[in-house]
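Nothing in this text is a laboratory measurement; each read-out follows from the coordinates by a stated rule. Keep in mind it's a predicted model, so treat the numbers as computed, not measured. Here the Cβ positions follow ideal geometry from the backbone for every residue, glycine too, while neighbour counts run over all protein chains shown.
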Amino acid sequence: MKKFLTLFSALFFLSSAALLGCGGGGAPPASIPAPVTQLMTISPPSPTGAVSITGAPGAAQPNANVQAQNVDQVGPFTWLKELLIRSARAQTFFVEVPADNQGAFNLLIDGASGERIDIRQEVNGEFSPAVTLIVP
């Protein structure tokens, strides 16, 4: 039993030391900039709950894929809630649209007043940091 405890303690110590030595302090820096919030407008929700986000030219990189996510609605249990509680209409909490060749875009996403919408862009598999807009 003593050999087992000694072996277990040694393995625990070595694995703890290995885990502490791992990591590089977070993710590498993004190689593309975040979308420009000053060039975006967000509408109040329509009667059906749709929020329109419009990016003027320069809001995103030309031809980027612009992704929006309602972070107040999407969570680890969203799929379970949708399975158990069927809605009368489909709800879209994640949207991806292409920006045009000047970086302009328009998208619709479900949201309510006060909710946060994160927006990022993807170019050639590289993702920008997200910026947050608040639904008015």
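Put a dot 7 Å past the Cα of SER31, heading toward its Cβ, do the same for ASN101, and the two dots end up 2.4 nm apart.
Neighbours of LEU133, meaning other residues whose beta-carbon lies under 13 angstrom from its beta-carbon, give a summed charge of -1 when Lys and Arg score +1 and Asp and Glu score -1.
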